[in-house]
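Quick notes on the structure that follows.
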Amino acid sequence: MAAPIRILTAVPICDGHDSAINTINLEFIRHGIEVVYLGYHRYAEDIVRAAIQEDVRAIGISSYNGGHVEFFAEVVRLLKKQGADDIQVFGGGGGTITHEDQKVMERRGVDKIFFAGTPLSEMVEFVHDRYGKAKRGKKAPTAEMKLARKLTEIEDAYAKGKKKRPTPNAKRLTSNRKQGSGKNNRKRVIGFTGPGGAGKTTLIDELVLRLLHREPKTRIAILSHDPSVVGEGALLGDRATMINSQDERVFMRSMATRGQAGGLSPATEDCLRLLAESPFDYVIIETVGTGQEAMPFRSKLIDETVLVMNPDYGARLQLQKIVMLDLADIVVVNKSDQDRARTAALEIKRRLEQNKRPQKLISTVAKRHRDRGVDKLCDLLTEKK
Amino acid sequence: MSKLGRVVEAVENYNRFVLDEVRRARTETKFGQQLLERWNRIKANTPIGRAPTGLPLPRLALPEIDEPGEIARYLLGDGLPGEFPYLNGAYREMYLEPLREEGSYGNEQEKNGHGKNGHSKNGKKGVAKLAETEEPTRLFSGMGLAEDTNERFHYLGAHQRSKRLSTAFDGLTLYGIDSDAPGVFGKIGEGGVAVDTVEDMERLYAGFDMGAPSFSASMTISGPAPIIMAMYIAAAKRRFGPSVVPKLRGTIQADIFKEVQAQNETIFPVEASLRFLADMMEYTTREMPRWYPVSISGYHIGEAGATPVQQAAYTLSNGFAYAEMMAARGIHVDQFGPRLSFFLDCGLDVEYIALARVSRRIWAIGMRDAFGAGTKAQMFKLHTQTSGRSLVAAEFKNNLTRTAAELMLAYMNGSNSCHSNSADEPFTTPSEEWIRLSAHGQAILLDESGIFKHTMNMLSGSPGMKAVERAVEAAILEEFRQIEELGGVVAAIEHRYQRSQIQNAAHRYEEQIYDGTRSIIGLNKYRNANEKPPKVELVRTPRAKKQIQVDRLKQFKKRNAAKAAKALDRLAAVAETDENCFPALLEAAEVCSLGQISGRLQEVVGRFRPMV
Ligand code: B12
């Protein structure tokens, strides 16, 4: 089967009109397209960086608050500057983009503008026809772009039927990775998992904020996952909430699980290996929200696993069934401002004691600015081994 | 149970109470007799006015009933205009023209000692009061620089007795960003007016007497509302001295919940946004008794694609959540309650026949019975805007008809004030030609036509309207139960409940256009095959103007650099504590730009993390 088309959508800076793009995103994913959604109120630079890292075929922009001629042109210009002009730019803005504007915009390199009153089916058809095949001109001019394209190749190979390798031999991988990371012995591959709604994405983004802040040269890679079914599209929306991770020193890649259960994609292992071999100081991988029995991180590539939990996991009995509690190196009780948080932390502590392993337990409120718990988590993860 | 659960109970109990009273009116002769007498008195005391043709008409229309049970159902279930539960209107009279001739007026509800003929000591009162009433027309405008918008304000207000200015800000201002920030130049003054400093605020309302009773300003801004409010106060003080503060009249939108749910202009994390909002509300409630510090808005929810029922349900539940929040701060409901106001959308879906009427009733019952509020805090004061989303680009002149129909619905629902969109809505900030027509649309309906000016309740209470009322009320209560189940408004927001519901409804709406379930004339029905791109005058801000704004902001910053640094430090220090920040904001607003203030506050409380 052909790999799904990946595109990125966004709304320009100082514009919160997201109703049209939300509708279009929904329509696209129902028709097999994977949409990396960057959100509203976005700078041109952020859009272009994300598009390159995600290696999408095209960028769809929905603009309403005016200044569209300049904004679209800026996106095209930045793409060109980075040598990424194989990524097309299209979009709409209802009646605010006039026919005259459209002519100017197309002259400046915009692929297509959809006027008010266009049926949704026309847009879906356009994307399939126009961006159905990768058209690749020149070689990737930057390392980042090379990495991005390589990740696409890996993903596409699995989509086309490549079989997953058995879980690789730990030793070989470890030595491989050490080669890639060079002098730095602090490089960490950290896996985050936990049930949906526990706040993993927010927690990671807050962690990234701290990591970037603490060391002016740190480079971070993030591999995030969203669920999808074989043959259907997916909304990859983590970037929209991870505001601190939209940074020059962060390489982020959003993946759809493409039908695989357990929180990761068939291509995850290979993609992770590639990232681990690339020059990043931290590689962070986030699963989709998982169930009790999930053990997503069987890969030996991962140095540290973090289980993020919500205080209201139900009765104490439930805890016995959560397999990751046995396997995680660090357990985080997030949303610890909730009523049940103290009881939850105590119950989990007792549960961990049974394991007789040096596991750490931390309480956080990731949504709170400058949360001390997140500081502590950051300390733990940056400790020299 | 959260307060919302109590509201559901209150409405259910009230409906049961009405039914019990209907039964009692039918079975207890004495009670029935009292009701009949009251009913007859109301009818007898209703003055008769005359249309220009000479046709005599009662000033208040009532259903033709003479059976005690039905009278109880009407008086208690609906209420006369201006009476609990306010289904027919928060106030009496509203759009009525003054009585042309001597005639009796008043009923027992008016405690002014009106005699049978309404004269006695207050002889002229009814008439005098009417002459003071203001036009309900409000036109939302903002474009380019402050002086451009000021010019438009003067143009729009030229023929109005009262100056009611409704201000639209540009995207930068809405997001608390300065005009000299990198990467935003193209957005300056687009879609609204650029305001960076107290000096822009002075220019914006130049030539208007900001403290006069005939002046009020409404400001459509929410994320940075407390900062903009502080700038407004600072500007008024600069021009009229500190004594102007308690005289200021107007509204600031400031509603954070609907930003998170629909309009997407939140700039601080929700908790911090609510704290700054409550700080401001505490200040205005105390110092500015005529100011409405929050306009609880459904408009944006509706325009983002929500169904009318979702719109009303989310708006009302947001309102109750604010009431809960203020009560938690120890402020009495009768202090802040009367300063809450509402803003709804009005489109062409059938629900709009009664959406605002039902909302008014639920608000009144909820505030009275779940919050213990007195009369003034029970009244749902409503501003309505006709739907922008219902206006389309194809054969856009049809938008005049759409807006006219919506206006009709808005006034049938007893809106206290109304904005009508211009026909060029799909393309641009309205140009003078179309904005003039939209203002005239309201005048034609209210002044020229006889539909609303002779009789209260002129179009209220048809069997169809009743059917819609019942269906809509039941559906709103069902939505409340859903939200309650998720743990209340704030918890539901965290679950993305309202957002995902709105997005699904928006998608369905577009689907229905293209599958033909919804007719849009000129687009999917009676489409003109030869239609050419329309010729419309675009209102866009030239580069040179944008540059002026950047230059003068830079000068302002240079001039005030030392003072600004101090004011920001003080503000940040207060923001770290639990103290009310608003006084420190007022000081900062004198010498700092919007972006400086919002940036510094974000350092303390963080940035908003958007939801998909
Ligand atoms: C809905 C709406 C809102 C809602 C937005 C809710 C939301 N979350 O999206 C609310 C009420 C919150 C709102 C607020 C404002 N709005 Co507004 N809004 C509109 C409105 C009525 C409809 C836009 C819409 O969503 N249409 C539905 C979509 C599905 O259809 P469409 O627009 O025809 O688009 C079609 C195609 O173009 C295409 N398309 C669109 N985008 C894309 C992208 C891609 C990739 C593709 C393939 C296709 C595509 O798909 C659609 C289907 O065919 C327009 C006026 C109008 N009638 O168009 C004003 C309008 C866009 N708003 C305007 C303004 C000024 C504002 C405010 C700045 C007002 C203020 N000062 O406070 C605020 C700013 C909000 C913000 N956060 O930025 C102006 C812009 C003026 C200008 N550019 O000159 C307009 C034109 C109204 C006006 N005439 O003044 N608004």
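The values are calculated or read from the model by the stated rules, or taken from the named source; none is laboratory data. Since the model is a prediction, treat every value here as computed from it, not as a measurement. Backbone-built Cβ (ideal geometry, glycine too); neighbour counts: all protein chains shown. Note: accessible area is taken over every heavy atom of the protein model, side chains too, but ligands, DNA and RNA are not part of it. Shrake-Rupley method; radii C 1.70, N 1.55, O 1.52, S 1.80 Å.
Numbers below:
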read-out: Selection from the stretch B:300-310 of residues that are open to solvent by less than 20 Å² (accessible area, probe 1.4 Å), within 14 Å of chain A (Cβ to nearest Cβ) and either of a type in the set (Phe, Trp, Tyr) or more than 11 Å from the ligand (Cβ to nearest atom) (or both); value: B:Gln310
read-out: Answer from B:Phe268, B:Phe208, B:Phe257 - the residue that is more than 16 Å from the ligand (Cβ to nearest atom) and in contact (Cβ under 8 Å) with a residue 40 or more places away in the chain; value: B:Phe208
read-out: Residue match in the stretch B:430-444 (condition: out of contact with any Asp or Glu (no Cβ under 9 Å at 6 or more places or on another chain), away from the ligand (no atom under 16 Å from the Cβ), assigned by TED's automatic domain parsing to the domain that holds B:Gly192 and not in a helix (DSSP H, G or I)); value: no
read-out: Candidates B:Ala565, B:Ala589 - the one that is open to solvent by 30 Å² or more (accessible area, probe 1.4 Å), more than 12 Å from chain A (Cβ to nearest Cβ) and among the hydrophobic types (A, V, I, L, M, F, W, C); value: B:Ala565
read-out: Pick from the stretch A:35-49, criterion part of a helix (DSSP H, G or I) and in contact (Cβ under 8 Å) with a residue 60 or more places away in the chain, ranking: surrounded by the most Cβ atoms within 10 Å (Cβ to Cβ); value: A:Arg49
read-out: Which listed residue, of B:Lys557, B:Lys566, B:Lys546, is without any contact (Cβ under 8 Å) to a residue 12 or more places away in the chain and farther than 20 Å from B:Ala225 by Cβ; value: B:Lys566
read-out: Residues located in the stretch B:349-389, provided they are of a type outside the set (Asp, Glu), without any contact (Cβ under 8 Å) to a residue 60 or more places away in the chain and open to solvent by 20 Å² or more (accessible area, probe 1.4 Å); value: B:Gly372, B:Gly374, B:Lys376
read-out: Qualifying residue in the stretch B:575-584 (condition: on the phi > 0 side of the Ramachandran plot, open to solvent by less than 20 Å² (accessible area, probe 1.4 Å), in contact (Cβ under 8 Å) with a residue 24 or more places away in the chain and within 14 Å of another protein chain (Cβ to nearest Cβ)); value: no
read-out: Every pair of residues 6+ apart whose Cβ atoms lie under 7 Å, when the first sits in the stretch A:222-251 and is within 13 Å of chain B (Cβ to nearest Cβ) and open to solvent by less than 50 Å² (accessible area, probe 1.4 Å) while the second is part of a strand (DSSP E or B) and of a type in the set (Phe, Trp, Tyr); value: A:Leu236/A:Tyr37; A:Gly237/A:Tyr37; A:Ala240/A:Tyr37
read-out: Test: residue in the stretch A:207-220 that is aliphatic (A, V, I, L, M), outside any helix (DSSP H, G or I) and open to solvent by less than 50 Å² (accessible area, probe 1.4 Å); value: yes
read-out: Candidate set from the stretch B:270-292 (those that are under 28 Å from A:Tyr64 (Cα atoms) and open to solvent by less than 10 Å² (accessible area, probe 1.4 Å)); member that is farthest from the other protein chains (Cβ to nearest Cβ); value: B:Leu277
read-out: Cross-chain or 6+ apart pairs with Cβ under 7 Å, the stretch A:50-65 first and open to solvent by 10 Å² or more (accessible area, probe 1.4 Å), then within 13 Å of the ligand (Cβ to nearest atom) and assigned to a helix (DSSP H, G or I); value: A:Arg57/A:Tyr131; A:Tyr64/A:Gly94; A:Tyr64/A:Thr96; A:Asn65/B:Gly171; A:Asn65/B:Lys187
read-out: Any hit, the stretch B:523-533, residues being assigned to a helix (DSSP H, G or I), within 13 Å of chain A (Cβ to nearest Cβ) and either open to solvent by 80 Å² or more (accessible area, probe 1.4 Å) or farther than 28 Å from B:Leu400 by Cβ (or both); value: no
read-out: Residue that is under 23 Å from B:Cys418 (Cα atoms), polar (S, T, N, Q) and away from the ligand (no atom under 15 Å from the Cβ), where the choices are B:Ser216, B:Ser243, B:Ser222; value: B:Ser216
read-out: Helices (runs of 4 or more DSSP H) contained in the stretch A:296-385 and holding at least 3 residues modelled with pLDDT of 90 or more and surrounded by fewer than 19 Cβ atoms within 10 Å (Cβ to Cβ); value: A:341-353, A:372-382
read-out: Verdict on B:Thr375 being within 14 Å of the ligand (Cβ to nearest atom) and modelled with pLDDT of 95 or more; value: no
read-out: Enumeration of residues in the stretch B:585-596 that are touching a residue at least 24 places away in the same chain (Cβ under 8 Å) and in a helix (DSSP H, G or I); value: B:Leu585, B:Leu586, B:Ala588, B:Ala589, B:Glu590, B:Val591, B:Leu594, B:Gly595, B:Gln596
read-out: Segments classed as strands (runs of 3 or more DSSP E), wholly inside the stretch A:53-159, with at least 2 members that are within 14 Å of chain B (Cβ to nearest Cβ); value: A:58-62, A:112-114
read-out: Residue in the stretch A:24-35 that is more than 7 Å from the ligand (Cβ to nearest atom) and over 26 Å from A:Glu155 (Cα atoms) present; value: no
read-out: Which numbered condition A:Gly32 fails, given (1) part of a loop (DSSP other than H, G, I, E, B); (2) of a type outside the set (Phe, Trp, Tyr); (3) touching a strand residue (DSSP E or B) at 6+ places or on another chain (Cβ under 9 Å); (4) open to solvent by 10 Å² or more (accessible area, probe 1.4 Å); value: (3)
read-out: Qualifying residue in the stretch B:241-249 (condition: touching a strand residue (DSSP E or B) at 6+ places or on another chain (Cβ under 7 Å), crowded, with 24+ Cβ neighbours inside 10 Å and of a type in the set (Lys, Arg)); value: no
read-out: Any hit, the stretch A:87-98, residues being more than 10 Å from the ligand (Cβ to nearest atom), modelled with pLDDT of 95 or more and not hydrophobic (A, V, I, L, M, F, W, C); value: yes
read-out: Residues (farther than 14 Å from A:Ile21 by Cα and either free of Cβ contacts under 8 Å to residues at least 12 places away in the same chain or facing another protein chain (nearest Cβ under 7 Å) (or both)) located in the stretch B:493-510; value: B:Glu494, B:His495
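Okay, residues lined up against (1) more than 30 Å from B:Glu190 (Cα to Cα); (2) of a type outside the set (A, V, I, L, M, F, W, C):
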{"position": "B:Ala327", "(1), (2)": "yes, no"}
{"position": "B:Gly347", "(1), (2)": "no, yes"}
{"position": "B:Ile353", "(1), (2)": "yes, no"}
{"position": "B:Arg361", "(1), (2)": "yes, yes"}
{"position": "B:Met367", "(1), (2)": "yes, no"}
{"position": "B:Phe371", "(1), (2)": "yes, no"}
{"position": "B:Thr375", "(1), (2)": "yes, yes"}
{"position": "B:Ala393", "(1), (2)": "no, no"}
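Let's see how each residue does on (1) β-branched (Val, Ile, Thr); (2) modelled with pLDDT under 95; (3) within 12 Å of the ligand (Cβ to nearest atom); (4) assigned by TED's automatic domain parsing to the domain that holds B:Thr401:
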site: B:Ala492; (1), (2), (3), (4): no, no, no, yes
site: B:Gly522; (1), (2), (3), (4): no, no, no, no
site: B:Pro534; (1), (2), (3), (4): no, yes, no, no
site: B:Glu537; (1), (2), (3), (4): no, yes, yes, no
site: B:Arg559; (1), (2), (3), (4): no, no, no, no
